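Data block below; observations after.
No value in this document is a laboratory result; all are computed from the given coordinates. Note that the coordinates shown come from a computational prediction; the quantities given were computed from them, not determined experimentally. Positions of Cβ are backbone-derived with ideal geometry, glycine not excepted, and every protein chain shown enters the neighbour counts.
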Amino acid sequence: MKSFLRKLVPLSVLRLYHYSMAELAAFFSGFPSRKMLVIGVTGTKGKTSTANFIWSVLNSSGWKTGLVSTANIRVGNEEYPNIYHMTMPGRFIIQGWLKKMLESGCRAAIVETTSEGVNQFRYKAIEYDFLVFTNLTPEHLPSHGGNFENYKKAKGKIFANLVKTKKKVLDGRPIKKTFVVNADSEHKDYFLSFEADKKITFGVKKPADYQAQNIETLNDETSFDLGPEHYVIGIPGVFNVYNALPGVVIGKELGISAQDIASGLKQLKLIPGRMEKIEEGQDFVVFVDYAHEKESMTAVLETAKSMSPNHIIVLLGAEGGGRDKTKRPVMGRLAGEKADYVIVSNVDPYEDEPMPIIEDIAKASEEAGKKRGENLFLIEDRRAGINKALSLAKKGDVVLITGKGAEQAIIIGGKKSPWDDRLVVREELRKVLDKQK
């Protein structure tokens, strides 16, 4: 019904509706974002991890902080799953969470901000002080007319809007409108071109205001240096250095000591559905991860390889419902090249037929050398696919269950059903281990 109405209603009317509803939601909630420090995190990948690292630095350093992200919602030390199946929930929902954060004593709020949220003007009713840009790769293009430039410009609107909101004074201290931008992104200059009181860069490969060096990984930890300062993050993956750096930058800008920043980074041991390790006493490693496009899939596969496993087993899939089809063969080829066993299964087919989606991925894995029935398996039912991946695992292997992370629902045939990969993996892992006894 919604898609039908969208075709009938002029775009200008839809935009006015979205804008009005966003302002109305903020009004009814008492404009909570005006009374807290608000940090927006945007980009294609790494947003949820970046937001959680910033939260950990601030919250553990005495800044009671809230968070709204794809995977989780936090109000100080209280944590809730994001049950809304969208990164940036509806206007009244997100304003309600901001109000709850304020009423519970939060001094800061971190909001993972999406291009869809921009298209529906949700960002307009949130008064940001810091904006973090992680990276930009082709993703969500169908909702932007299939055009990458439209996608980039949607992100740019958030940056253009930053200085249009009133500067805040917290604890007698004026807060500068600040950009925190990934210097290693080829799009950094675009996001740095907008007006701000302060512009700070971070990165690994290219010169930046905060450039990580001497990166090392050991077991479940990754360490890096920033000048004379040494930091350790308790979550595996070199790519998480990028996600941790904005926490250092913002911590420094707020006057938090290097010691407290380091403590905040190290204390964060778990980001729901982001390289989340599942342990049931097995002699192989199992991770649940949200990876659902080229860059994130590459990162998790390379992290698995760095653990020197006997075999890498990956379960993957792709969304239907008009989502980007071009990523399917890309991910299938990656999995075929970098994993020893590939299981292709449902993610969220929405109203689409699942098997054509699965075939698009599987055919690319075949082109990379995989053979059906030997090291490539097409299993539509996701639970059965997870069971297959776990059943293939032997001592010293790494199993990657990708595509959904900590999402709380799966949508098949247009029907939304409760789902959590982490719970399903635990259940199926116990079955597999019971059979081995």
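Laid out as a table, the results:
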{"item": "For the stretch 416-427, Karplus couplings with θ = phi - 60° (6.51, -1.76, 1.60), whole Hz, Gly/Pro x", "result": "8, 10, x, 7, 8, 3, 5, 5, 5, 4, 4, 5"}
{"item": "Alpha carbon centroid spacing (whole Å) that separates the stretch 279-329 from the stretch 77-109", "result": "29 Å"}
{"item": "GNM flexibility winner over the chain from 417, 49, 185 (Cα, springs under 10 Å)", "result": "417"}
{"item": "Matching label, Kirkwood radius over Cα pairs in Å computed from the structure shown, candidates (i) 22.4; (ii) 21.7; (iii) 24.6", "result": "(i)"}
{"item": "Amide N proximity, the stretch 253-292 versus residue 395 label position 7 Å along Cα-to-Cβ, cut-off under 12 Å", "result": "283-284"}
{"item": "Residue 86 paired with residue 206, simple spin-label distance in nm, labels 7 Å along Cα-to-beta-carbon", "result": "3.4 nm"}
{"item": "Note, ³J(HN,Hα) from phi for the stretch 196-210, Karplus 6.51, -1.76, 1.60, rounded to Hz, x at Gly and Pro", "result": "7, 6, 8, 10, 10, 10, 9, x, 10, 8, 9, x, 8, 4, 10"}
{"item": "FRET efficiency for residue 100 and residue 13, using Cβ-Cβ distance with R0 set to 45 Å, rounded to 0.05", "result": "0.90"}
{"item": "Whole-Å distance, taken between Cα centres, linking the stretch 347-362 and the stretch 419-436", "result": "24 Å"}
{"item": "Restraint check, 64/338; 305/415; 164/269; 99/164; 47/394; 153/277, Cα-Cα greater than 31 Å", "result": "64/338; 305/415; 164/269; 47/394; 153/277"}
{"item": "Stretch in the chain that is longest and holds no GluC sites (Glu not before Pro) that DSSP places in a loop and that have at most 11 other beta carbons within 10 Å", "result": "1-185"}
{"item": "Counting DSSP beta bridges with both ends in the stretch 2-267, the antiparallel % (nearest 5)", "result": "45 percent"}
{"item": "Cα→Cβ-extended label distance, 7 Å offset, between residue 230 and residue 381, nm", "result": "5.2 nm"}
{"item": "DSSP-defined antiparallel bridges as percent of all bridges, the stretch 207-362, nearest 5", "result": "75 percent"}
{"item": "Phi to ³J(HN,Hα) by Karplus 6.51 cos²θ - 1.76 cosθ + 1.60 over the stretch 43-57, Hz, x for Gly, Pro", "result": "x, 8, 10, x, 4, 5, 5, 4, 4, 5, 5, 4, 4, 5, 4"}
